[in-house]
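Please treat every number below as a calculation from the coordinates, not as lab data. Please read these numbers as outputs of a predicted model, since none were measured by experiment. Every residue, glycine as well, gets a Cβ built from its backbone with ideal geometry; the counts of neighbours run over all protein chains shown.
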Amino acid sequence: MADPRFFDRQGPFVLRDILPRVGIEDAPQRGADVQFLDVAPLDTAGPEDVSFLDNPKYLDAFKATRAGACFVDPAQSVHCPTATIALETSTPYSAFARAAAAFYPTESGLDVSSDAPAVHPTARVAPRCTIAPGVTIGPGAEIGEGTTIGPQVHIGRGVVIGKDCTIHHAATVTHAIIGARVEIGPGVRIGQCGFGFAPDPPGYVAVPQLGRVLIGDDVNIGANTTIDRGAGPDTEIGDHSRLDNLVQIAHNVVLGKGCVIAAQVGISGSTKVGDYVVMAGQVGLAGHLTVAGGITLAGKAGVTHDLPNPGTYGGFPAVPVRDWRLKVATLSRLAKKRYRKDG
């Protein structure tokens, strides 16, 4: 379930009340009166949760799910576990998005009213903290001993920040659990809604982003970097990682410990990065990939497939750096030959 510190859940709902909201007119023969409490990803869903299968890459998770009901394309419903009610639809992702919106209606985006104190009465701020002018700290937030919060910072509802952290001016932190000795640069945005939209014939359906951002100890995050909260699973940043300015981490990304990420790197949703990975400037990673620990990616590398073996990679699509340099050198020689011939 989504963390109640950050999200207010509605319901429960019986299945026959959920289905009209998502565009399914006919309830399945079994389970129409079954009560559901929440939505959840395939791998964590239980018998009282509704889930979905949209990407065939997650077919094994679908076969093993414990979800009580699951939106699924008719072609894949044959793989549905016997204990799970298959909710057949040609648009399972958008159906799930609408169901999730029923359980979690759109937030106002405001944690405190205009006449509320800067530090909400239910927030807990440890002794020896420094809170600069213009800071707002939302209800239920916790700030650890010795942490410094700069001017115009916004700390959202339920956020937990460990001891001896430094948050520089004009940063915003929502939907996040942050470890100790973390430094967050000016203008950083942590915990905002991820870029999740389900294609649907009338247009796009916003998918509620019900996860969190989990940041380990001794992490440094540079100015104007953005880290989206998870869509259901959490976005995670491992201990001792270093993120430069202007880095984009999308929803559900898992970044291992000790990673070094240079400026203008973008990591797409649900990609998992191992420990001690180094990414030079302007590297881009597609979504739903796995990058093994110990890998180094040269500047502007474009990763479009899993990288299971440690090493150094470059180019687009990224290949072992020796192969990339050979290709560049070969193209350069061919171009010079052609130039001399035509000249």
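A few notes on this one:
- Being under 21 Å from L214 (Cβ atoms), within 20 Å of the chain's Cα centre (by Cα), of a type in the set (G, A, S) and surrounded by fewer than 17 Cβ atoms within 10 Å (Cβ to Cβ) holds for only one residue in G258, G269, G274, G293, and it is G293.
- Residues of the stretch 306-318 satisfying the condition of being surrounded by 14 or more Cβ atoms within 10 Å (Cβ to Cβ), of a type in the set (A, V, I, L, M, F, W, C) and in a loop (DSSP other than H, G, I, E, B): A318
- Residue identified as hydrophobic (A, V, I, L, M, F, W, C), surrounded by 13 or more Cβ atoms within 10 Å (Cβ to Cβ), over 19 Å from G256 (Cβ atoms) and free of Cβ contacts under 8 Å to residues at least 40 places away in the same chain among V303, V328, V321: V321
- The single residue among H251, H240 that is outside any strand (DSSP E or B) and touching a Ser or Thr at 6+ places or on another chain (Cβ under 8 Å) turns out to be H251.
- For the stretch 144-165, filtered to residues that are over 23 Å from the mean Cα position of the chain (by Cα), closer than 18 Å to I190 by Cβ and without any contact (Cβ under 8 Å) to a residue 24 or more places away in the chain, the residue that is surrounded by the most Cβ atoms within 10 Å (Cβ to Cβ) is I149.
- For Q192, the conditions (1) surrounded by 18 or more Cβ atoms within 10 Å (Cβ to Cβ); (2) not in a loop (DSSP other than H, G, I, E, B) all hold with the exception of (2).
- Residue in the stretch 265-279 that is touching a residue at least 24 places away in the same chain (Cβ under 8 Å), in a loop (DSSP other than H, G, I, E, B) and of a type in the set (D, E) present: yes
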